[in-house]
Each structure stands twice: as C-alpha cells, then as structure tokens.
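K.L.:
One structure is given below, represented as structure tokens, and several questions about it will come after.
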Amino acid sequence: MAVPVDTDSAEDMFAILCGIWVIFFKFGFALFAFGSTSVRSSANVLLLSLADTFISLIAYWMHGYAFAFGAHNIFIGTKYFVSLDGVRIAHFFFNYARCAVTTTLVSGAVVERIEPVGYLLSSYVLAGFVFPVISHLFWDSKGYFHISGPFIPVQDYAGSGVVFVVGGTAALTACVIIGARTVYTGAPFRCQRHSVPFIALGACMQMVGILGFTVGAREHITQPGDGQLAALAVVNTLLAGATAGLYGLFFQNIQENKYSVITLVNAALTGMIAVCAGANSYFPGMSVLCGVTSSLIYLALKSLASRKIDDPVSVTVIYLGGGMWGMTFAGFFSEEGNIGGKSQAISYNVLGILVMVSWTVVIMGPIYFLMKHLGIFRVPDYLELLGIDKLRHEQSYPPEKKEIKSKRERRNVNRVTYME
C-alpha cells in the first residue's frame with residue numbers, strides 16, 4: 001500500500017531552505033561591502049547590513065507582506081496586517097528574504113557617510129512599503145504586471161527587476177542626495193578597499209545565494225517537471241556568471257595588462273543578476289550570450305559611474321545595471337519574449353523597469369531629502385575624516401602600536417603618513 005505524501009510539508013521545507021539560501025546572499029554582500037570600504041569605516045557597513053536584516057523583518061511582518069500578498073486587488077494587498085493567521089508561513093519567510101536583500105543594497109552605496117538612524121528609518125520604508133507594492137504588482141497572481149495575468153505581462157522570474165532594480169534604484173537615489181564622501185573634492189571617485197580576500201569571499205557567497213533566488217522562484221517542487229526546471233535555472237545562472245566573469249577578466253587584461261580579482265567577481269555577479277529575469281526559460285546558449293553582454297554592460301557602466309557618483313561598492317553598476325539589462329534581455333531572448341513569438345514582450349519589460357524605478361524614486365527620494373533636512377541622514381565631516389568606527393563603533397582591527405627609537409625611524413614614519 002502506497003504511503004501518502006504530504007506535499008504541503010515538502011513545499012514548505014523547500015521554501016524555507018531557499019529562504020535561508022537567499023539570506024546567505026545578504027551576508028555575503030555584507031562581507032563584500034566590508035572589504036570594499038576604507039578600514040576606518042569597515043565596521044560601519046557591517047552594522048548597517050546586519051541591522052537592516054532585523055528592521056526589514058519587523059516592517060515586512062507588520063505590513064509589508066500584507067501589501068505584497070494580502071487579499072488582493074491589482075495594485076496592492078489589503079490583508080494580514082500585523083498577523084500571519086491563515087498565511088503560509090514558509091511563503092512569508094522566503095519573500096522576507098528577498099525583501100531583506102533589496103533593502104541591504106543601499107548600505108553599500110552610502111557607506112562611510114550615512115547616519116545609522118537615518119539608514120534604518122529609510123530601510124523600514126523600503127522594506128515595508130516600496131518593495132511590497134512592487135512585488136505585488138509583478139509577482140502576486142492578481143498583480144497588474146504578473147507574467148500570467150490578463151493585463152500587462154512582465155517577465156521577471158527571479159528578481160532582476162523586483163529585487164535588484166528596486167534596491168539599486170534606492171541606492172542610486174540615496175547616493176545622489178547624500179553626496180560624495182568628504183575626502184573627495186571631485187571625480188573620479190576611487191574605491192578605498194582594504195581587503196580583496198573579503199571582497200572575493202563575499203562575492204562567492206552572493207553567487208551561491210543567487211542560486212537560491214533562481215531555485216526558490218519556482219515556489220513549488222512536487223509537481224512533474226519541477227526538478228528539471230529548477231536544474232535548468234541553476235545551470236543558466238552559472239553559465240551567465242562564468243561567461244561574464246571570464247569575459248570581463250580577459251577584456252580588462254587587454255586594456256590594462258593585468259588580471260583583476262575584483263573585475264572577475266563583479267562581472268560574474270552582474271551576469272548572474274541579469275540572467276535571473278529569465279533563468280527558467282532560456283536555452284543555455286542564451287545564458288552565455290546574457291553573460292557576455294552583461295560583462296560589457298559592467299565594464300561600460302563602471303567607467304561612467306566612477307565619474308558621476310561616489311558608490312564605494314559599485315551597487316549602481318552591478319545590481320542596478322545588471323538588473324535593468326536582465327529585464328531588457330529577457331524581453332528579447334527568453335521563451336516568454338520576442339524570440340518566443342511575443343512581439344510586445346520587450347516593450348512590456350521596459351515599461352516594467354520604468355514602473356519599478358519611478359515608484360522607488362517617488363517614495364524614497366522625499367524620504368531621503370526629509371532626513372537630510374532634519375540632519376539625520378549624513379554624519380558630520382569630522383566623523384568621516386577620523387573614521388566612523390573609531391568614534392561610533394568598534395574598530396575592525398586594533399591600531400598598530402610601534403615604538404620608534406631613532407630620529408630616522410620617526411622621519412620615515414612621518415614621510416609614509418604624509419604620502420598616505
């Protein structure tokens with residue numbers, strides 16, 4: 001006699017594991033940003049990245065999930081405020097994880113100069129209102145832009161737009177309003193990274209976490225064909241990352257005669273983020289093409305962005321640029337796009353990008369301006385120059401103490417300090 005299978009429990013465990021997988025991305029981003037910033041303010045970015053994990057959970061539980069997936073109309077949810085009664089808890093957890101990733105991207109763009117209280121207040125709004133409304137529009141079955149809906153179907157399978165365009169747009173908006181770091185009087189803005197190993201480790205954790213996005217976006221695992229489609233999404237994601245990383249590495253070698261670990265991992269992340277929009281429906285060859293073009297997008301935007309905005313972690317290049325290109329690419333080349341016979345797909349996806357960007361800027365822009373006016377958005381200049389860690393947090397590394405015995409040693413130390 002066949003034993004009945006509890007498919008509901010299997011689906012819940014699948015969602016829980018994928019949610020944990022996605023949170024791995026978030027903590028990878030924290031290490032990635034930690035290594036990319038000055039040693040004087042490196043603990044600051046860890047505090048921001050970890051604290052927004054908690055504030056995002058509170059906001060998403062109180063009303064974020066209600067706006068995203070509560071009893072619905074085509075624009076916003078209206079049920080489950082401050083309550084999860086009747087909610088599939090595993091579904092809440094997985095979508096909270098995606099929300100937390102969206103929120104944390106801002107921390108990398110404005111690190112070394114943002115007030116923690118201002119950052120956490122804006123994170124609450126982003127997690128509790130901005131992201132939920134977008135995820136309802138594009139991912140809820142009744143949403144106006146849902147891929148299977150009767151209105152305007154927009155393809156964003158695993159979050160190129162809903163997660164990375166929204167988070168990247170919020171980061172760019174914050175960057176523009178808060179301004180450049182005090183140490184810079186003009187462009188180009190250089191990254192004051194202090195640890196390439198932490199950057200590489202954080203990037204690898206993010207790459208693993210992105211697989212959680214592409215697997216978990218399926219939202220079920222017990223139906224026929226689920227395993228095959230999940231495997232296809234994983235392979236497509238890895239192919240895009242591999243080709244983007246290698247192409248960026250060798251292209252930079254041609255230009256500058258060096259092999260850069262930073263370029264390798266950043267280009268790979270851009271490719272993996274871009275392919276998320278259609279990872280479930282690309283032929284593998286299309287994923288390779290997505291990776292190559294994403295690498296070109298990364299290299300072009302990196303050069304442009306360094307002259308325009310002070311973004312220490314390249315959030316606007318990797319995540320916003322990769323997400324926008326991924327949405328555009330899916331409109332052309334996925335089975336749900338032009339190549340699949342749906343001639344209006346590219347225009348729908350571009351419209352989707354415009355909606356995501358506009359909604360984020362319209363809500364977050366005034367929030368950032370208000371906090372700047374109230375003096376709770378940016379730390380004082382002296383804190384930036386001395387280092388936020390020294391006066392506000394614990395220092396990441398103990399200060400070096402060296403006894404200087406001779407006048408020659410003292411002269412050498414002063415010369416090195418002046419050159420730095």
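The values are calculated or read from the model by the stated rules, or taken from the named source; none is laboratory data. None of these values were measured; they are calculated from a predicted model. Using ideal geometry, Cβ is built from the backbone for each residue, glycine included, and neighbour counts are taken over all protein chains shown.
K.L.:
Is one or more of the residues making up segment 253-267 within 29 Å of ASP12 (Cβ to Cβ) and more than 18 Å from the chain's Cα centre (by Cα)?
P.N.:
In the first step, residues of segment 253-267 are kept if they are within 29 Å of ASP12 (Cβ to Cβ); the result is none.
Within segment 253-267 (the criterion being within 29 Å of ASP12 (Cβ to Cβ) and more than 18 Å from the chain's Cα centre (by Cα)), the answer is no, since none of the residues qualifies.
A quick yes/no check of all residues on (1) surrounded by fewer than 24 Cβ atoms within 10 Å (Cβ to Cβ); (2) over 19 Å from PHE27 (Cα atoms); (3) in contact (Cβ under 8 Å) with a residue 24 or more places away in the chain:
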site: THR103; (1), (2), (3): no, no, yes
site: ALA109; (1), (2), (3): no, no, yes
site: VAL117; (1), (2), (3): yes, yes, yes
site: SER123; (1), (2), (3): no, no, yes
site: SER135; (1), (2), (3): no, yes, yes
site: ASP140; (1), (2), (3): yes, yes, yes
site: GLY143; (1), (2), (3): no, yes, yes
site: PRO150; (1), (2), (3): yes, yes, no
site: GLY167; (1), (2), (3): no, no, yes
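K.L.:
Could you please let me know if VAL317 is crowded, with 24+ Cβ neighbours inside 10 Å, more than 16 Å from LEU249 (Cα to Cα) and in contact with an Asp or Glu (Cβ under 9 Å, 6 or more places away or on another chain)?
P.N.:
On the way: crowded, with 24+ Cβ neighbours inside 10 Å: yes; more than 16 Å from LEU249 (Cα to Cα): yes; in contact with an Asp or Glu (Cβ under 9 Å, 6 or more places away or on another chain): yes.
In short, yes.
K.L.:
Here's another thing I want to ask about it. From the list THR243, THR237, THR222, THR214, which residue is more than 21 Å from VAL163 (Cα to Cα), β-branched (Val, Ile, Thr) and part of a helix (DSSP H, G or I)? Walk me through how you get there before you give the answer.
P.N.:
Details: THR237 fails: more than 21 Å from VAL163 (Cα to Cα); THR222 fails: part of a helix (DSSP H, G or I); THR214 fails: more than 21 Å from VAL163 (Cα to Cα).
That would be THR243, the only listed residue that is more than 21 Å from VAL163 (Cα to Cα), β-branched (Val, Ile, Thr) and part of a helix (DSSP H, G or I).
K.L.:
Now for a separate question. Taking ILE339 and the conditions (1) farther than 30 Å from ASN44 by Cα; (2) surrounded by 13 or more Cβ atoms within 10 Å (Cβ to Cβ); (3) at pLDDT 80 or above; (4) not aromatic (Phe, Trp, Tyr), which numbered condition does it fall short on, given that it satisfies the others?
P.N.:
(3)
K.L.:
Within segment 85-101, does at least one residue satisfy the condition of being in contact with a helix residue (DSSP H, G or I) (Cβ under 9 Å, 6 or more places away or on another chain), part of a helix (DSSP H, G or I), among the basic types (Lys, Arg) and in contact (Cβ under 8 Å) with a residue 12 or more places away in the chain?
P.N.:
Looking only at segment 85-101, we keep the residues that are in contact with a helix residue (DSSP H, G or I) (Cβ under 9 Å, 6 or more places away or on another chain), and these are 87-101.
Keeping just the survivors that are part of a helix (DSSP H, G or I) gives 89-101.
Right, trim to among the basic types (Lys, Arg) and you get 98.
Then drop every residue that is not in contact (Cβ under 8 Å) with a residue 12 or more places away in the chain, which leaves 98.
Within segment 85-101, one or more residues are in contact with a helix residue (DSSP H, G or I) (Cβ under 9 Å, 6 or more places away or on another chain), part of a helix (DSSP H, G or I), among the basic types (Lys, Arg) and in contact (Cβ under 8 Å) with a residue 12 or more places away in the chain.
K.L.:
Could you check segment 117-171 and list, in sequence order, the residues that are under 18 Å from the mean Cα position of the chain (by Cα) and hydroxyl-bearing (Ser, Thr, Tyr)?
P.N.:
Answer for segment 117-171, where residues must be under 18 Å from the mean Cα position of the chain (by Cα) and hydroxyl-bearing (Ser, Thr, Tyr): TYR119, SER122, SER123, TYR124, SER135, TYR157, SER160, THR169.
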